[in-house]
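Participant: Have a look at this one.
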Amino acid sequence: MRVERLRVRDFRSYEAAEAHLGEGLTVVHGANGAGKTNLLEALYFGCTARSFRTANERELVRFGASATRVVVEASDDDGRHELAVGFSPGEPKRLSVDGAPIERLLDAPQRPLVSVFSPDRLELVKGVPQLRRAHVDQLVTALWPTRAATRRGYGEALAQRNALLTRIRGGRVDAAALRPWDVELARLGIELSANRSLATALVAEGFASHAEALGLGGLVRLAYRARSRATTPEQLAEEIAAALPVDLARGYTTHGPHRDDLVVRRDGRDLRTYGSQGEQRLVLLALLLAERDALAAERSRPPLMLLDDVMSELDSDRRARLVETLASFGQSVVTTTELEHVPGADSGAVAQIAVADLVRSAAR
């Protein structure tokens, strides 16, 4: 799957713009504040119907406009495809693939996979475990789309059990009513943990290799840390039931894979706590590159890599290594304020997008 063209109307700072991507590496360059990140966000929005920067989607609509529209044109072995996302605050999004309305863009087989590096995403490394669990679940869905149902089912069962806990605490329901939900939560929980563990194992070796290539010294390891040692639904159900006194005291389910975490250690120490911000940037970058490799191997569909401000804190050697890795296969879009920060940017193999030219073209 290759993304060929992006068209936007009233998205962030763009009244109208059209950008063509290269087959491999595309460099988006311009001054700070010119709209480079907005362009990457538009690409992501057009491929997922979501923003990677904000939960308040009203911010996506250009000031003074009432709606925004993003169109992504892509091609694969089956031909050309057009994904369109229209959004007006307060109304449902209008999604279509090849002109046909759809409810969820993420379920469309014609949708390009997409992966994002941005400084704001460092929270994935140093933030709360919930962010890392959600990221692993997204990877599982990208690797094996049909397994997304397990995560949804687990979330529904967890919500039901938590609601029952509230009623039991209020004396309206007997604790025995929890047993069916303990069994269902355990059944889905074992599947969910197995999916996450397998996805983590698929990227662990590549992560260590990319981390070393990027200069993250020491013995770096990625691992999925499960709170439970259960290997069967029956064992997990027993653990969940045993935690009932704590659950009733706190008012929610305290045991299960919704409490697991993804950890990165260097020489045995957690880089979430002991890594510098520069090292955490390298961790995030190595993780995304390893996931790209895993998706290419498992589904023959490497994601479109969107890398915002990735070069600014890398030395010249690491920049060269990163460009070599990105150019090895798949598509990537990199933003920069200075073209010389991207080795080989002036070669014929690299496409360039000058943000200032996009704005001038739209103004004509």
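Participant: For the subset of the range 257-272 comprising residues that are acidic (Asp, Glu) and modelled with pLDDT of 95 or more, which member is nearest to Glu191 (Cα to Cα)?
Facilitator: Asp260
Participant: Just name the residue that is farthest from the chain's Cα centre (by Cα) out of those in the range 52-66 that are loosely packed, with under 15 Cβ neighbours inside 10 Å, in a loop (DSSP other than H, G, I, E, B) and of a type outside the set (S, T, N, Q).
Facilitator: Among them, the one singled out is Gly64.
Participant: On the given criteria, is Glu291 among the acidic types (Asp, Glu), in contact with a helix residue (DSSP H, G or I) (Cβ under 7 Å, 6 or more places away or on another chain), closer than 18 Å to Val136 by Cα and surrounded by 14 or more Cβ atoms within 10 Å (Cβ to Cβ)?
Facilitator: So Glu291 fits the description; yes.
Participant: If we scan the range 246-256, do we find a residue that is modelled with pLDDT of 95 or more, farther than 30 Å from Gly278 by Cα, in contact with a helix residue (DSSP H, G or I) (Cβ under 7 Å, 6 or more places away or on another chain) and not in a loop (DSSP other than H, G, I, E, B)?
Facilitator: There is at least one residue in the range 246-256 that is modelled with pLDDT of 95 or more, farther than 30 Å from Gly278 by Cα, in contact with a helix residue (DSSP H, G or I) (Cβ under 7 Å, 6 or more places away or on another chain) and not in a loop (DSSP other than H, G, I, E, B).
Participant: Out of the strands (runs of 3 or more DSSP E) lying entirely within the range 72-182, which hold 3 or more residues that are free of Cβ contacts under 8 Å to residues at least 40 places away in the same chain and either out of contact with any helix residue (DSSP H, G or I) (no Cβ under 7 Å at 6 or more places or on another chain) or among the polar types (S, T, N, Q) (or both)?
Facilitator: Correct list: 79-87, 94-97, 100-102.
Participant: Another question, if that's okay. Just need a number here: residues in the range 327-341 that are crowded, with 22+ Cβ neighbours inside 10 Å and on the phi < 0 side of the Ramachandran plot.
Facilitator: 5
Participant: Within the range 329-360, can you find the residues that are among the small types (Gly, Ala, Ser) and at pLDDT 90 or above?
Facilitator: Selection gives Gly330, Ser332, Gly344, Ala345, Ala351, Ala354.
Participant: Have a look at Arg281, Arg319 and point out the one that is surrounded by 13 or more Cβ atoms within 10 Å (Cβ to Cβ), within 20 Å of Asn32 (Cβ to Cβ), without any contact (Cβ under 8 Å) to a residue 40 or more places away in the chain and basic (Lys, Arg).
Facilitator: It is Arg319.
Participant: When residues of the range 322-358 are filtered for being assigned to a helix (DSSP H, G or I), out of contact with any Gly (no Cβ under 8 Å at 6 or more places or on another chain) and not β-branched (Val, Ile, Thr), how many remain?
Facilitator: 6
Participant: Just a yes or no: is a residue in the range 265-273 in contact with a Lys or Arg (Cβ under 7 Å, 6 or more places away or on another chain), crowded, with 19+ Cβ neighbours inside 10 Å and aliphatic (A, V, I, L, M)?
Facilitator: Taking every residue of the range 265-273 in turn, at least one turns out to be in contact with a Lys or Arg (Cβ under 7 Å, 6 or more places away or on another chain), crowded, with 19+ Cβ neighbours inside 10 Å and aliphatic (A, V, I, L, M).
The values are calculated or read from the model by the stated rules, or taken from the named source; none is laboratory data. The structure presented is a predicted model; accordingly, all values stated were derived computationally and were not measured. So basically every Cβ, Gly included, is an ideal-geometry build from the backbone, and we count neighbours across all protein chains shown.
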